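Read-outs throughout are calculated quantities, based only on the coordinates presented, and are distinct from any laboratory measurement. Here the structure is a predicted model, which means the values were calculated and not measured. Heads up, the Cβs are rebuilt from the backbone with ideal geometry, glycines too, and the neighbour counts pull from every protein chain shown.
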């Protein structure tokens, strides 16, 4: 039998997850701005390719993580956890890129909105949209996670363009 305490516990857990994910997206957006912008560009330029890449990465690495976590030896479990945490880091960067893209659209719709306000609202919308029963759980959440993982992985693995020096150095001058 379910008691009111069980219901309140579930509501509290969901609220804590939403709040902490929202805070994580904003923090990653601020701390890792260049990576977030790269992830945002990947989602904007090739959304289908990014989602498919994220799905492939999630399936392959997810299978490897589950297999490693079921190993009795501690080193296998450690490797599994490290891979899982790296996937979470890539997903956080990608989700921050998605929130940044949404923030740009929000700023266009309401020009008086500050950049932080737009990012804050966009991050909240990205997180809260996945809570919609059925459609949010089984369509929006997987697409968001796959797009985030794909964009985040590309943003991490992509090399920054080489910066040419503004003035050549003259080594022969004395």
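Over the residues of the chain, the helix contribution to mean residue ellipticity at 222 nm works out to -26000 deg cm²/dmol, using -39500 (n - 2.57) for each DSSP H run of at least 4. In the chain the Cα-Cα distances spread across 5 Å bins starting at 0 as 1, 8, 13, 16, 17, 14, 11, 7, 5, 3, 2, 1, 1, 0, 0, 0, 0, 0 percent of all pairs.
Would you order 34, 121, 42 from fewest to most other beta-carbon atoms within 10 Å of each residue's own beta-carbon?
On the way: 34 9, 121 17, 42 25.
Going from least to most buried by this count: 34, 121, 42.
Taking 8 Å as the Cα distance limit and 6 or more residues as the minimum spacing, I'd like the relative contact order of the chain as a percentage. Once divided by the residue count of the chain, the mean separation gives 34 percent. Each of 87, 1 was scored by other Cβ atoms within 10 Å of its Cβ. Arranged with the fewest first, they read 1, 87.
Between the stretch 6-39 and the stretch 71-121, the C-alpha centres lie 8 angstrom from each other. Largest GNM mean-square fluctuation among 129, 99, 39, using the chain with Cα springs under 10 Å: 129.
Hey, what angle do you get for helix 47-69 against the long axis of the chain, alpha-carbon based, 0 to 90 degrees rounded to 10? Once rounded, the angle reads 60 degrees.
With a 10 Å Cβ neighbour count serving as the proxy for reagent exposure, in which order, fewest first, do 112, 120, 96, 29 appear?
Lowest count first: 112, 120, 29, 96.
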